[in-house]
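Here's the structure, in structure tokens; my notes come after.
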Amino acid sequence: MEVGTSLLRIAAVVVMSAALVTAALLFFRWFTGGLRPARRRPAEQSLPPAPPQPAPLRPPARRRPAAGHHPAGRRVPGAQPARPAVVRPRRPLEQVATDLRRLTRELSMVPGGMPMARRRGLLAAYDDVLVEAAELLDVPHQLTTEPPATRELERMRLLAMLEAAGLVVTD
């Protein structure tokens, strides 16, 4: 019988220790705000809220017609004609070719750790010079209208067309 009472005492100590640890954890959670009492909703609040009603549609606000234009879009007689596009002075072809060769070299030697913003800026400058060279040599291009995914193919096509037109792109 002595073994049975000692096992009972050990079991009682283990249960009391577990209860004490659980009580201490619950007190700690209550003290730190981690233990919140469950709140019951009244019967009306248990339903999900109704979706918001869309605002009534209003007709779009009318814009004032541009100066010198009829409200229907026709030009008013005697109004000033539209200004012609500003024509920038063109650089000599030699300068454009020099810039194109320099940018081609820079793009071919881009280091692996170069920031993406700098690489995009370099590509934008390269595109600008390619377009300028194409306009000087009257080579058709779609580089400005191509989406970024296919722009590299258009660059290669435009380079080949410029070389076929007699422009030396590589040293």
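In segment 93-165, if every C-alpha pair distance is counted and binned at 5 Å from zero, what percent goes to each bin?
3, 15, 27, 26, 18, 7, 3, 0
Add +1 for every Lys or Arg and -1 for every Asp or Glu among the other residues with Cβ under 14 Å from the Cβ of THR150, and state the total. It would help to have the intermediate numbers written out before the result.
Details: positive: ARG151, ARG155, ARG157; negative: ASP127, GLU146, GLU152, GLU154.
Neighbourhood net charge equals -1.
Tell me the label-point distance for the pair MET156, THR5, using the 7 Å Cα-to-Cβ offset, in nm and rounded to one decimal.
Rounded to a tenth, the inter-label distance reads 9.5 nm.
A short reminder: the numbers here are calculations on the coordinates, not readings from a lab. Note that this is a predicted model, so its numbers are computed, not measured. Backbone-built Cβ (ideal geometry, glycine too); neighbour counts: all protein chains shown.
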